[in-house]
Every structure is written in C-alpha cells, then in structure tokens.
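Written out below as structure tokens is the structure these notes cover.
The values are calculated or read from the model by the stated rules, or taken from the named source; none is laboratory data. The model shown is predicted, which means the values in this text are computed figures rather than measured ones. Just the protein is used for accessible areas: all its heavy atoms, side chains included, with ligands, DNA and RNA removed. Shrake-Rupley method; radii C 1.70, N 1.55, O 1.52, S 1.80 Å.
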Amino acid sequence: MTTDFNGFFAYPAQPSDIGVTVESAIKILKVNHNGIIQSWTALDIPGHFIAGEVLSAIDNADYVVADI
C-alpha cells in the first residue's frame, strides 16, 4: 500500500458520465492508497470562488489527473 502521495482529480461537471467514471476510479484507488485522493467535488466550496479552491488543491497535491 502506498502512503506518501496525495492526488487531485479534476474533470468537467458535464457530461456527467465523466464524473461518474472518475469518482468510481477514485473509490477503487482509495482501497490501496493511504494518502488523500480527492476530486473537486470533495472540496468545501460553498461561499468560496471555486477556481481558487481548485487551484489550492492542485498546489497541495503531489500529482494531478485532469480531463480538460
């Protein structure tokens, strides 16, 4: 089991099939990963500018996977 790396996944809200696929992959990865693996949907965004929160998560991640 890996323990050192924290990952962030970014993808568009539409089409929703992309999000469903990425979130399913994140669940699978969390089984064998002790670090933090999250997507933009896991961020505490209410009342915040979403781009700022996403950029902060990217800055704090060891790796980023993005569908842009």
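Values as computed for the structure displayed
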quantity: Counted residues, the stretch 45-58 - those being at pLDDT below 85 and open to solvent by less than 70 Å² (accessible area, probe 1.4 Å); calculated: 5
quantity: Test: residue in the stretch 21-44 that is in a loop (DSSP other than H, G, I, E, B) and either of a type in the set (D, E, K, R) or at pLDDT 85 or above (or both); calculated: yes
